[in-house]
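The values are calculated or read from the model by the stated rules, or taken from the named source; none is laboratory data. Everything numeric here is computed off the predicted structure, so don't read it as measured data. Methodologically, a virtual Cβ is constructed for each residue, glycine included, from the backbone with ideal geometry; neighbour enumeration extends over all protein chains shown.
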Amino acid sequence: MTCYAWRKGGKAEELCEHLVGTYEVAKRTWELKALSRKVSKLTGLDAEECREAILAAALLHDVGKAAVEYQVECAKGCCESFPGHYLVSTLYAYVTVKEGLGVAAPCSSDELAKVLSGEEKVEGDAVSALLILLPVALHHYHQIHSYQSLRYQEDEERARARHTVHAACHPCLKKLARFIERSFSRLNGLEKVGELPQLLSQRETLIQALIFVQNLGDAVQCSEASSLSLAIEAAAGIVNLSDGEVAAKARR
């Protein structure tokens, strides 16, 4: 069985190849080093950890395509559109960050809005978490037509039914885990992505991730521009451009 990032007719792109390819393109961009230094100065976080966090966002940006809802359609022969997959990817990334790095990003819309507005300061791993999660959520900004587009609509029951990991994608997540182990030095705890099928079955972990993605739209809507929010938008831009380059080559 294949885990797809895209499929149409006789052409297909495997999800793991797409994610690693996006990481590799992002790694080569000149903007990555400059942005990592900028975020380091803003937050006090080590520049190398900032760099790894942005690269982790690139690696995980489409991981939500592994969900049952999408892969069932791919198995039928065509999956060009993955509606709302950026929110499912954020859900998966939240669980990976929480379990792998031992840190939970602010979940309430008020708290997250204050952080994005620069009213409340975050430090250390919490900065890394936001540099991973928010670019994943925002990387398809051309598909985000309103703040409603950033609100995950599913409750726990429907999330379990539609957004558990499809069996065809379990090997893909294991490959990503091995890649993280080889490629990351500061954030290699993210190799927990290989355990996502099991981690999503833990109710407390899933509920916390659901709260984050359900409140994301309100938090972004209520926040004001700050140096941190602009840096996050720049990171999302790196992910978006890298994603587009890889997809264009694979799907022509």
> So which residues in the range 147-159 are crowded, with 16+ Cβ neighbours inside 10 Å and basic (K, R)?
Replying inline: R151
> Does E111 qualify as being more than 23 Å from P197 (Cα to Cα), at pLDDT below 95, of a type outside the set (A, V, I, L, M, F, W, C) and not in a helix (DSSP H, G or I)?
Replying inline: no
>> Show the residue pairs meeting these rules: Cβ distance below 9 Å; 6+ apart or different chains; first residue within the range 195-210 and farther than 11 Å from Y92 by Cα; second residue surrounded by 16 or more Cβ atoms within 10 Å (Cβ to Cβ).
In response: S201/T164; Q202/V95; Q202/E99; Q208/Y94; Q208/V95; Q208/K98; Q208/A104; Q208/C107
> Restricting attention to the range 133-146, which residues are of a type outside the set (V, I, T) and either at pLDDT 90 or above or crowded, with 24+ Cβ neighbours inside 10 Å (or both)?
Replying inline: L133, L134, P135, A137, L138, H139
>> Between C74, C16, which is over 15 Å from the mean Cα position of the chain (by Cα) and hydrophobic (A, V, I, L, M, F, W, C)?
In response: C74
> Quick one: how many residues across the range 216-236 are over 16 Å from V97 (Cβ atoms) and in a helix (DSSP H, G or I)?
Replying inline: 14
>> Go through (1) at pLDDT 90 or above; (2) of a type outside the set (D, E, K, R); (3) more than 29 Å from E24 (Cα to Cα) for I180 and report which single condition fails.
In response: (3)
> If you go through the range 180-204 one residue at a time, how many are farther than 16 Å from T164 by Cα and not in a helix (DSSP H, G or I)?
Replying inline: 4
> Do we have any residue at all in the range 53-61 that's in contact (Cβ under 8 Å) with a residue 40 or more places away in the chain and either over 16 Å from A177 (Cα atoms) or touching a Gly at 6+ places or on another chain (Cβ under 9 Å) (or both)?
Replying inline: yes
> If you take the residues in the range 160-184 that are under 13 Å from L91 (Cα atoms) and under 17 Å from the mean Cα position of the chain (by Cα), which one is surrounded by the fewest Cβ atoms within 10 Å (Cβ to Cβ)?
Replying inline: T164
